[in-house]
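The values are calculated or read from the model by the stated rules, or taken from the named source; none is laboratory data. All of these numbers come straight from a predicted model, not from anything done at the bench. All Cβ positions, glycine included, derive from the backbone under ideal geometry; neighbour counts span all protein chains shown. SASA here: full protein model, heavy atoms, side chains in, ligands and nucleic acids out. Shrake-Rupley method; radii C 1.70, N 1.55, O 1.52, S 1.80 Å.
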Amino acid sequence: MQEKIMGNTVFDNTLSKVPELTLVFWTIKIAATTLGETGGDAVSMSMNLGYLVGTVIFATIFLVAVTIQVKAPRFHPVIYWVTIVATTTVGTTLADFADRSLGIGYTGGSTLLLILLLTSLAIWHRKLGSISVSTVSNPKTEMYYWVTIMFSQTLGTALGDWTADSAGFGYGGSAIIFGVLLAVVAALYIWTKISRIFLFWAAFILTRPLGAVVGDFLDKPRDHGGLALSRYTASAALLVFMVACILIFPHRAARKAH
């Protein structure tokens, strides 16, 4: 097994630092994005800290989590999913801050974040030649990966809010829309030869607005189309579900593409 030494850390050169893309992966990803919405709202709204303070808190957690993830010599499911949750929570508060506090609205926020996401992917591809997650096996590639993930999570929050509010589909209607779009991506994966890299990023991006509208559906007031559940209770339930999935099901690192 080939290994590459960087500093005092030995990195496995044959395995990626991301998990295999199984049904369990996508199930946990959707739960993580929903947790990001309820958890982010719990801090910024329920605790009345505001979007800016919430963003600072979660951005700090995100930076710490990414640092630990990048320094880890190999894939570790707990570290990976903690970092994913960190991107979803900071994505929630950052998108809300841009959309509401800066006054650019859901449409403006979604457009800006889409540009940032596409720019991140373009720079990543230009610098390293591939945006496949199977190449994420060293610190340099991981930095591109996590910056792109953070933009995609933030975009998902803004897009979910735009669909539910500005487009008028509500939380239930928006969940159906994004669920159908994910089903289309899955069908394309099964029955076509469309680029797997494109389909991965399409699915990864779409799971975020799905989680955002489901999270809003759980904790928003009934007169706003939600179930009015406690954000703390919903977040705790989602966290327990994620932990159970991580502990019960096997998680293996994806093989690096050659």
Can you tell me which of (1) under 19 Å from LEU52 (Cβ atoms); (2) touching a strand residue (DSSP E or B) at 6+ places or on another chain (Cβ under 7 Å) is the one VAL133 doesn't meet? (1)
Condition (residue is open to solvent by 60 Å² or more (accessible area, probe 1.4 Å), in contact (Cβ under 8 Å) with a residue 24 or more places away in the chain and more than 20 Å from the chain's Cα centre (by Cα)) applied to the range 161-180: is it met by at least one residue? yes
Output the helices (runs of 4 or more DSSP H) that fall wholly within the range 70-183 and possess 1 or more residues being in contact with a Gly (Cβ under 6 Å, 6 or more places away or on another chain), or say none. 77-96, 139-161
Residues that are more than 14 Å from the chain's Cα centre (by Cα), open to solvent by less than 20 Å² (accessible area, probe 1.4 Å) and closer than 23 Å to GLU20 by Cβ: does the range 141-148 have at least one? yes
Name the residue that is nearest to ALA31 (Cα to Cα), counting only residues in the range 83-113 that are aliphatic (A, V, I, L, M) and surrounded by fewer than 21 Cβ atoms within 10 Å (Cβ to Cβ). LEU112
Quick check: is even one residue across the range 184-193 of a type outside the set (D, E, K, R), under 23 Å from THR22 (Cβ atoms), open to solvent by 20 Å² or more (accessible area, probe 1.4 Å) and not in a helix (DSSP H, G or I)? yes
Hey, could you check the range 1-53 for residues that are surrounded by fewer than 22 Cβ atoms within 10 Å (Cβ to Cβ), among the hydroxyl-bearing types (Ser, Thr, Tyr) and modelled with pLDDT of 90 or more and say which is nearest to ASN138 (Cα to Cα)? THR22
Exclusive hit being open to solvent by 10 Å² or more (accessible area, probe 1.4 Å) and either within 15 Å of ALA236 (Cβ to Cβ) or out of contact with any strand residue (DSSP E or B) (no Cβ under 9 Å at 6 or more places or on another chain) (or both), set VAL70, VAL64: VAL64
Out of the range 210-258, which residues are assigned to a helix (DSSP H, G or I), among the charged types (D, E, K, R) and exposed (fewer than 13 other Cβ atoms within 10 Å of the Cβ)? ARG222, ASP223
For ILE57, are the conditions met, namely being surrounded by 16 or more Cβ atoms within 10 Å (Cβ to Cβ) and β-branched (Val, Ile, Thr)? yes
